[in-house]
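The values are calculated or read from the model by the stated rules, or taken from the named source; none is laboratory data. No experiment lies behind these values; they were computed from the predicted model shown. Cβ placement follows ideal geometry from the backbone for every residue including glycine, while neighbour counts extend to all protein chains displayed. The area values use the complete protein model at the heavy-atom level, side chains included, leaving out ligands, DNA and RNA. Shrake-Rupley method; radii C 1.70, N 1.55, O 1.52, S 1.80 Å.
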Amino acid sequence: MIWIVLFLSMIWLHIYDDYHTQGILAQFKQKKWWKENYPQDLYKHDWRIALYEHAFQWSFTTMLPLLVYSMWAWKETGLYHGLIWWTGLLVINTKVHAEIDNEKANNLTISLFIDQILHILQIGFTIILFMIGVN
C-alpha cells in the first residue's frame, strides 16, 4: 500500500512542478527564446543550463516522497542504502527528464501529451527501481 501512496504523491508533485513552479525556466529552456531575445553567439548554449536546472528541480521535487521514505527507513533500520539509490535515481531522472523536455521544447518531435505520458512512465520506472534497491 505504501508504494501506491508514494506513486500517487509523485504524480501529484510532477503535475505541480511541471505546471506551477517551472516559472521562467519554461521559456529559458527553449533555444528559440534565446535566438529571439539574445541572438549573440555568447548566449547560444544558455538554454542548456535552464533545461538541466528545470530537470533537476523536477526530479528532486517529484522524488521527495522517496527521500522521506528513505530517511524514515534509515531511522527505523539503520540501513542507508535507500539514500544511495535515491541519489543515483536523482541523477538518472535529471538526465532523462532533460532529454524528454528537449525533444518537446527544442526538437519539436513530441507533443505535450507524449511528454506527460513519458514523465508518468519515468515515475513508474523510478518507483520500481527504488523498490528493487531498498528491498
Notebook entry, point to check: Can you name every residue in segment 46-72 that is at pLDDT below 95 and open to solvent by 70 Å² or more (accessible area, probe 1.4 Å)?
Noted result: Val68, Met71, Trp72
Next item on the list: Just give me the residues in segment 113-135 being aromatic (Phe, Trp, Tyr) and surrounded by fewer than 19 Cβ atoms within 10 Å (Cβ to Cβ), in sequence order.
Entry: Phe113, Phe125
Item checked: Positions within segment 81-118 being within 21 Å of Ile2 (Cα to Cα), in contact (Cβ under 8 Å) with a residue 40 or more places away in the chain and within 15 Å of the chain's Cα centre (by Cα), in sequence order -> Trp86, Leu89
Next item on the list: Name every residue in segment 73-104 that is hydrophobic (A, V, I, L, M, F, W, C), open to solvent by less than 50 Å² (accessible area, probe 1.4 Å) and modelled with pLDDT under 95, in order of residue number.
Entry: Ala73, Leu83, Trp86
